[in-house]
1. At 7 Å along the Cα-to-beta-carbon direction for both GLU49 and ASP321, put a label point, then send me their distance in nm to one decimal.
2. What FRET efficiency comes out for the pair ASP264/THR310, r = Cβ-Cβ distance, R0 = 22 Å, nearest 0.05?
3. Assuming R0 = 22 Å, can you tell me the calculated FRET efficiency for the pair LYS139 and ALA161, based on Cβ-Cβ distance, to the nearest 0.05?
4. With r defined as the distance between the Cβ atoms of GLU300 and LYS209 and R0 fixed at 25 Å, what FRET efficiency is calculated, to the nearest 0.05?
5. For the modelled label position 7 Å from the Cα of LYS169 along Cα-to-Cβ, which residues of the range 119-144 have backbone nitrogen atoms closer than 19 Å?
6. Between the range 8-69 and the range 273-293, how far is it from one alpha carbon centroid to the other, in angstrom?
7. Evaluate the distance, in nm, between pseudo-label points positioned 7 Å from the Cα of LYS111 and of ARG24 along their respective Cα→Cβ axes.
8. Along the charge dipole of the chain, Cβ charges K/R +1 and D/E -1, which of PRO25, ASN210, PHE11 sits furthest on the positive end?
Amino acid sequence: MRILVTGGAGFIGSNFVRYVYKERPDWHITVIDKLTYAGNLKNLDGLDESRVNFIKGDICDEPAIEQAVADSDTVVHFAAETHVDNSIQGPWPFVETNVIGTYRVLEAVRKSDKRLHHISTDEVYGDLGLDSSEKFSEKSPYDPRSPYSSTKAGSDHLVRAWGHTYGVKATISNCSNNYGPYQHIEKVIPRNITNILTGIKPKLYGEGKNRRDWIHAEDHSSAVLAILENGKLGETYMIGADGEKDNKQLIQTILELMGKDPNDFEFVKDRPGHDLRYAIDAAKLRTELGWAPKYTDFREGLKQTIQWYTDNQDWWQPQKDETEAKYKELGR
Ligand code: NAD
Ligand code: DAU
């Protein structure tokens, strides 16, 4: 099996590459990644070059993606612009990579008749009420609210249309918030772990009441592999591990696990259009494909993640000042 992973030098993509490398020793993996500010070749350090090869390339570049797809048997498409705050400041890269890039990937798999798994997000369904117990399922209506989520929704629609019209062999998954090693320090968990490690107070947007449903990136990876191998073509699968927390609980747990006063954080300006709550019902994935997460104890997963950022300061230090300077401009 020759698998092509777009965006495989990013956070979840590299966790997926490492997972497949370990679980499918006879597979050959090719990563195509543009290495934007969010991609880092170090995320693939230590992998044997005879089993993993890297192409520095843009999924929007038609000949480059066509060739990479033609040289593989199956494609898992992670490449995207992913940070909501960035999408509010400058939406164009999101339209370009998430919509046009996905179009290029689809045309390439159509041309060489390859299997595609498209990675999407729960944010395409909008948000849920803070007091409701409702969860997103495969039947939830699309209702994206940020430039980021609207471009991811657009990419999902393209994938379904290419399946329906041209018979492209595709599956889609919509996952909740991931955490774990190799996540860029702009995102809430690594940002605030590295804030504490550098003597900056953790930052909570608004009143800290917004809720997210956390899943470890390794569990996301095992779910994607299960769908790739046993999912039904044309189907969508929700991925989530029942890890719902509000942001204040999250920051206080990080502070506590790092031996700090749980109230030593500060509230900052809220994100415009901030989605209130996401929660996933992954019953279809669990029952039809027999998937179950390994990281069922969030505190334990968080503890390991804190340890990873503590042990790998060389990995994130070069980006810390620039990341915080960007936030300072936004008042966050
Ligand atoms: P990330 O920002 O850490 O990594 C994205 C990767 O894509 C980077 O390596 C970047 O260099 C690469 N990339 C960007 N534009 C590219 C282009 N035009 N051509 C080639 N490569 C390009 O993102 P992530 O958090 O790992 O997310 C990966 C995927 O998972 C995305 O599709 C995202 O929408 C989805 N997702 C993320 C989460 C989450 O919590 N992070 C949850 C659900 C779904
Ligand atoms: O739900 C899946 C999505 O999760 C993915 O599709 C996105 O790619 C990913 O970035 C993530 O989006 P969020 O907007 O939920 O993630 P972020 O880490 O930016 O913020 C998580 C929550 O924490 C959100 O409610 C905003 C808040 N926040 C964020 C930062 C950076 C804070 O309170 N403080 C912070 O410092």
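1. The answer from the label model is 3.3 nm.
2. Numbers: r = 18 Å, r/R0 = 0.80.
Efficiency computed from Cβ-Cβ geometry: 0.80.
3. On the way: r = 19 Å, r/R0 = 0.85.
For R0 = 22 Å, the calculated efficiency reads 0.75.
4. Numbers: r = 25 Å, r/R0 = 1.00.
Efficiency computed from Cβ-Cβ geometry: 0.50.
5. From the range 119-144, the list is 119.
6. Between the Cα centres of the range 8-69 and the range 273-293 lies a distance of 26 Å.
7. For the pair LYS111/ARG24, the computed spacing is 2.4 nm.
8. ASN210
Only the coordinates and a few stated rules stand behind these numbers; no lab work does. All figures in this text were calculated on a predicted structure; none of them were measured in a lab. Neighbour counts are summed over all protein chains in view; Cβ atoms, including those assigned to glycine, are modelled from backbone coordinates with ideal geometry.
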